[in-house]
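Taken together, the values in this text are just the output of simple stated rules run on the coordinates, not laboratory data. Keep in mind it's a predicted model, so treat the numbers as computed, not measured. Cβ sites come from the backbone with ideal geometry, for glycine too, and all protein chains shown count toward neighbours.
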Amino acid sequence: MQTLQMPRLPGLRFGRSDSEVICDHLENDLSNHALREDLLCQGHHRIHIVIPTTVFDCEINPQLGGFTCPQLASALVNVIPEFKRTGIDPVICLMPCEDTKRARAILAGRAVHEVAHLLTARKMASDEISEADRKNAIPLSQTLGSPPSSWPVYAGQKKWATHEASFIRACLHLHSRMVARGWDIPLQLTGNWHAYGYEDIEAYADLLEREIRIAGNSPIRQILDAPAPGRFLELWTSETSDSE
Ligand SMILES: [Zn+2]
């Protein structure tokens, strides 16, 4: 996640790429199925996925797979016409994918990752910017143009910062719901897990398997409010206690 200032954005360009078509399918399955209960609970209508190159007129760092924060929605109020009618709804940005064979899996993995950030934020979409956020804010164009490792939100933080246990949990619940909708998404595509210090994301998935089965389609944010299974937390604690 990242804080930002409200940018002046150019209008949408025309022409639809394969990535945009895949993002439409992702939007539909997230909005109407995997995230439906969470959106209803927060009074939202749907989730929007935008391809940064179609809405931001700036250089975008090639390392960036996706980007979101609750305030992104209000930054795009002039770009997503529906917001004038519905009020703001959550938004994630996904980088287009050139790998045509794996584009569906890669974009779906990125979507699960970015939505998990919104699921672990205080709100999924917000037009509130706190004083602390404002102080740390850098222009969105600068954020998108620089490698995520240089973003102020990660400065001096542990390598798993913003991808803590609750993030893993949200990600695994959402991943399982998207797989149930027919998306074939290897877990490795849902995060840069080794870089965050996690040896084996499959081990976390195994320890959460029962919770995921029992939870059904309950709002994921509600699931996160209850304590995580003990062994899941133990694994996370053991992986994060002795590393920098
Ligand atoms: Zn992330």
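Annotations for the structure displayed:
- So SER166, is it free of Cβ contacts under 8 Å to residues at least 60 places away in the same chain, of a type in the set (S, T, N, Q), touching a Leu at 6+ places or on another chain (Cβ under 9 Å) and assigned to a helix (DSSP H, G or I): no
- Residue list for the stretch 181-219, restricted to those being farther than 22 Å from GLY66 by Cβ and among the hydrophobic types (A, V, I, L, M, F, W, C): ALA203, LEU207, LEU208, ILE212, ILE214, ALA215
- Filtered residues of the stretch 207-244 (kept if charged (D, E, K, R) and more than 22 Å from the chain's Cα centre (by Cα)): ARG210, ARG213, ARG231, GLU234, GLU239, ASP242, GLU244
- Considering only residues in the stretch 158-207 that are more than 12 Å from LEU235 (Cα to Cα) and of a type in the set (Ser, Thr, Tyr), the one that is nearest to the ligand (Cβ to nearest atom) turns out to be THR162.
- LEU76 being away from the ligand (no atom under 16 Å from the Cβ) and within 17 Å of SER126 (Cβ to Cβ): yes
- Sole residue being more than 25 Å from LEU39 (Cβ to Cβ), surrounded by fewer than 19 Cβ atoms within 10 Å (Cβ to Cβ), in contact (Cβ under 8 Å) with a residue 24 or more places away in the chain and small (Gly, Ala, Ser), chosen from ALA161, ALA155, ALA203: ALA203
- Among the residues of the stretch 71-94, those identified as under 16 Å from ILE49 (Cβ atoms) and touching a residue at least 60 places away in the same chain (Cβ under 8 Å) are LEU72, ALA75, LEU76, VAL79, LEU94.
- Filter pass, ARG46 being free of Cβ contacts under 8 Å to residues at least 12 places away in the same chain, surrounded by fewer than 21 Cβ atoms within 10 Å (Cβ to Cβ) and either away from the ligand (no atom under 16 Å from the Cβ) or more than 26 Å from SER218 (Cα to Cα) (or both): no
- Scope the stretch 175-200; condition buried (at least 16 other Cβ atoms within 10 Å of the Cβ) and closer than 12 Å to ALA105 by Cβ; matching residues: HIS175, MET178, TRP183, ILE185, LEU187, LEU189, THR190
- The set of residues from the stretch 184-200 being outside any helix (DSSP H, G or I) and in contact (Cβ under 8 Å) with a residue 40 or more places away in the chain comprises ASP184, ILE185, PRO186, GLY191, GLY197, TYR198, GLU199.
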